[in-house]
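Some notes on the structure that comes next.
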Amino acid sequence: MPPRHTDAVIPPPEEIVVSSKRVACDGGGVLGHPLVYLEMGEDDFVECGYCDRRFVLSAHAHPENEYLDPAARPPEAH
């Protein structure tokens, strides 16, 4: 068994500030993961189960709107 490095620094997961309690995550980049939609519920944050990204609600959040696209991506990405 290889030795464990107790002093190894593991970078924290990426934290993204959002303005809606509903978010979408695809892992970003070419080697992402399947697109998943996440709901914060009563909390002010949610973490992606695939990539551990943490989405944090902005202090200037706006009310939910059914027409708001949680996966805002450029048209050529679809």
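The values are calculated or read from the model by the stated rules, or taken from the named source; none is laboratory data. If you're wondering where the values come from, they're calculated on a predicted model, not measured in any experiment. Note that each Cβ is placed from the backbone with ideal geometry, even for glycine, and that neighbours are counted across all protein chains shown.
Could you run through the stretch 27-42 and say how many residues are acidic (Asp, Glu) and either touching a residue at least 12 places away in the same chain (Cβ under 8 Å) or touching a His at 6+ places or on another chain (Cβ under 9 Å) (or both)? Can you show your working first?
Pass one, the stretch 27-42, residues acidic (Asp, Glu): 39, 42.
Next cut, either touching a residue at least 12 places away in the same chain (Cβ under 8 Å) or touching a His at 6+ places or on another chain (Cβ under 9 Å) (or both) only: 39.
Number satisfying all stated conditions: 1.
Are any residues in the stretch 28-51 modelled with pLDDT of 90 or more and assigned to a loop (DSSP other than H, G, I, E, B), and if so, which ones?
Of everything in the stretch 28-51, those that are modelled with pLDDT of 90 or more and assigned to a loop (DSSP other than H, G, I, E, B) turn out to be 33, 34, 35, 40, 41, 42, 43, 44, 48, 49, 50, 51.
Is one or more of the residues making up the stretch 16-26 in a loop (DSSP other than H, G, I, E, B), more than 14 Å from residue 58 (Cα to Cα) and in contact (Cβ under 8 Å) with a residue 12 or more places away in the chain?
Yes: one or more hits.
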